[in-house]
1. Quick check on this structure: which one of ARG59, ARG73, ARG84 is part of a loop (DSSP other than H, G, I, E, B) and more than 14 Å from the chain's Cα centre (by Cα)?
2. Give the residue that is surrounded by the fewest Cβ atoms within 10 Å (Cβ to Cβ), with candidates limited to residues of the stretch 36-45 that are part of a loop (DSSP other than H, G, I, E, B) and in contact with an Asp or Glu (Cβ under 9 Å, 6 or more places away or on another chain).
3. Given the structure, is ALA48 surrounded by 15 or more Cβ atoms within 10 Å (Cβ to Cβ), of a type outside the set (Ser, Thr, Tyr) and part of a loop (DSSP other than H, G, I, E, B)?
4. Filter the stretch 57-77 down to residues that are among the basic types (Lys, Arg) and free of Cβ contacts under 8 Å to residues at least 60 places away in the same chain, then give me how many there are.
5. Considering only the stretch 40-50, state which residues are within 16 Å of GLN14 (Cα to Cα) and either hydrophobic (A, V, I, L, M, F, W, C) or at pLDDT 90 or above (or both).
6. Could you count how many residues in the stretch 9-53 are farther than 14 Å from ARG66 by Cα and under 24 Å from the mean Cα position of the chain (by Cα)?
7. For the stretch 14-30, which positions are open to solvent by less than 20 Å² (accessible area, probe 1.4 Å) and touching a Lys or Arg at 6+ places or on another chain (Cβ under 9 Å)?
8. Exactly one condition in (1) in contact with a Lys or Arg (Cβ under 8 Å, 6 or more places away or on another chain); (2) surrounded by 15 or more Cβ atoms within 10 Å (Cβ to Cβ) is false for GLN33; which is it?
Amino acid sequence: MIRVEVAYARPDRQVILPLVVPEGTTVETALRQSEIELQFPEIDLDNAKVGIFGKITRRDTVLRPRDRIEVYRPLIADPKEVRRQRADKGRKKKPGKGDAGAADDKPKEAPTNNAKE
């Protein structure tokens, strides 16, 4: 027998359930044995992504002693889109090179030599 944990967290609550399972137990079997979905009915165990210590893993992975299985919540927003929107806001605030209407964007004239020879 080996000791493992099943973890799930929401912004308002976190649970780590200790389990004792036979050697050779898979992630899927331990998840079902933990009955974590009884405490968190919003979990869709059939489709939720899971990992061990922060690394996404397959459900047929055989557990090792002291592994912590983590059930991940689905993302609310696409991180790439959020970064893109944040970058767009930054571009609008600070006019840079090539922006029309920027105060410092006037073409510079070459110095003239007005000295008489």
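The values are calculated or read from the model by the stated rules, or taken from the named source; none is laboratory data. A quick note: this is a predicted structure, and the numbers were derived from the prediction, not measured. Counting neighbours? That spans all protein chains shown, and the Cβs are built from the backbone with ideal geometry, glycine included. Side chains included, ligands, DNA and RNA excluded: accessible areas come from the protein's heavy atoms. Shrake-Rupley method; radii C 1.70, N 1.55, O 1.52, S 1.80 Å.
1. ARG59
2. Within the stretch 36-45, the match that is surrounded by the fewest Cβ atoms within 10 Å (Cβ to Cβ) is ASP44.
3. In short, yes.
4. 2
5. Passing the criteria: PHE40, ILE43, VAL50.
6. Total satisfying the criteria: 23.
7. Listed by number, the residues that qualify are VAL21, VAL27.
8. GLN33 satisfies all of (1) in contact with a Lys or Arg (Cβ under 8 Å, 6 or more places away or on another chain); (2) surrounded by 15 or more Cβ atoms within 10 Å (Cβ to Cβ) except (1).
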